[in-house]
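Heads up, the thing below is written out as structure tokens.
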Amino acid sequence: MSASEQERIGIYPGTFDPITLGHADIIRRGSKLVDRLILGVTTNPSKNPMFSPDERIAMVEREVAAMGLENIEVVGFNALLMKFANKMNASMIIRGLRAVADFEYEYQMAGMNQQIDEEIETVFLMADVSLQPIASKLVKEIALFGGDITPFVSEAVKADVLAKVADIGQLGDY
């Protein structure tokens with residue numbers, strides 16, 4: 001491949017704990033922007049993960065297979081995002097934005113990432129209006145308190161979350 005024909009590789013990083021319908025929307029839309037989209041499933045202990053890295057990778061792989069997208073690869077990583085992006089030969093980082101608070105944080109991260117590697121662009125995709133309130137953290141909290149997470153995740157992910165909640169026990173039963 002010549003330089004002008006070089007494969008466009010993007011990375012959509014996240015903890016995906018669990019993967020939500022909002023993530024799926026960004027994955028579908030992001031996959032149209034690149035030849036290959038790598039879903040970088042990362043560890044972030046500060047987010048108090050419900051699922052292990054291997055469980056999250058398997059969950060994301062299953063959800064991507066259900067979407068029928070051919071240009072997606074799921075890769076676990078535990079490193080600085082820009083180092084991972086370079087290792088994967090990515091030219092783009094894809095991030096989803098739900099609200100102004102997301103923008104402020106992501107804008108700062110994009111600036112820091114640009115200081116590390118100015119060749120890799122960050123592209124922001126606005127969340128679908130109907131999916132904007134969905135956050136993995138809130139999905140876990142709703143499930144832990146016995147609420148219905150059906151509007152926020154696929155049926156398979158719902159089953160995963162409910163099984164995990166059953167293992168660790170519900171916090172509330174009002």
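The values are calculated or read from the model by the stated rules, or taken from the named source; none is laboratory data. All of these numbers come straight from a predicted model, not from anything done at the bench. Counting neighbours? That spans all protein chains shown, and the Cβs are built from the backbone with ideal geometry, glycine included.
See the values below:
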{"read-out": "Ser52 being touching a residue at least 40 places away in the same chain (Cβ under 8 Å) and of a type in the set (Ser, Thr, Tyr)", "value": "no"}
{"read-out": "Candidate set: the stretch 15-58, residues that are farther than 10 Å from Ser136 by Cα, in contact with a helix residue (DSSP H, G or I) (Cβ under 8 Å, 6 or more places away or on another chain) and among the polar types (S, T, N, Q); chosen: the one surrounded by the most Cβ atoms within 10 Å (Cβ to Cβ)", "value": "Thr42"}
{"read-out": "Number of positions in the stretch 1-49 that are of a type in the set (Lys, Arg), in contact with a strand residue (DSSP E or B) (Cβ under 8 Å, 6 or more places away or on another chain) and free of Cβ contacts under 8 Å to residues at least 40 places away in the same chain", "value": "1"}
{"read-out": "The stretch 99-126, subset part of a loop (DSSP other than H, G, I, E, B) and out of contact with any helix residue (DSSP H, G or I) (no Cβ under 7 Å at 6 or more places or on another chain), residue modelled with the lowest pLDDT", "value": "Ala99"}
{"read-out": "Condition met for Asp128 (surrounded by 12 or more Cβ atoms within 10 Å (Cβ to Cβ) and farther than 20 Å from Leu21 by Cα)", "value": "no"}
{"read-out": "Any hit, the stretch 150-157, residues being within 25 Å of Phe84 (Cβ to Cβ) and within 21 Å of the chain's Cα centre (by Cα)", "value": "yes"}
{"read-out": "Identity of the residue in the stretch 80-90, touching a residue at least 24 places away in the same chain (Cβ under 8 Å) and out of contact with any strand residue (DSSP E or B) (no Cβ under 6 Å at 6 or more places or on another chain), that ends up surrounded by the most Cβ atoms within 10 Å (Cβ to Cβ)", "value": "Met82"}
{"read-out": "Matching strands (runs of 3 or more DSSP E) fully within the stretch 8-84 where at least 1 residues are among the aromatic types (Phe, Trp, Tyr)", "value": "9-14, 72-77"}
{"read-out": "Exclusive hit being at pLDDT 95 or above and among the acidic types (Asp, Glu), set Asp160, Asp173", "value": "Asp160"}
{"read-out": "Single residue of the stretch 85-98 satisfying the filter (of a type in the set (A, V, I, L, M) and either part of a loop (DSSP other than H, G, I, E, B) or in contact with an Asp or Glu (Cβ under 8 Å, 6 or more places away or on another chain) (or both)) that is farthest from Ile11 (Cα to Cα)", "value": "Leu97"}
{"read-out": "Checklist (1) in contact with a Lys or Arg (Cβ under 7 Å, 6 or more places away or on another chain); (2) free of Cβ contacts under 8 Å to residues at least 40 places away in the same chain; (3) not in a loop (DSSP other than H, G, I, E, B) applied to Ala156, failing item", "value": "(2)"}
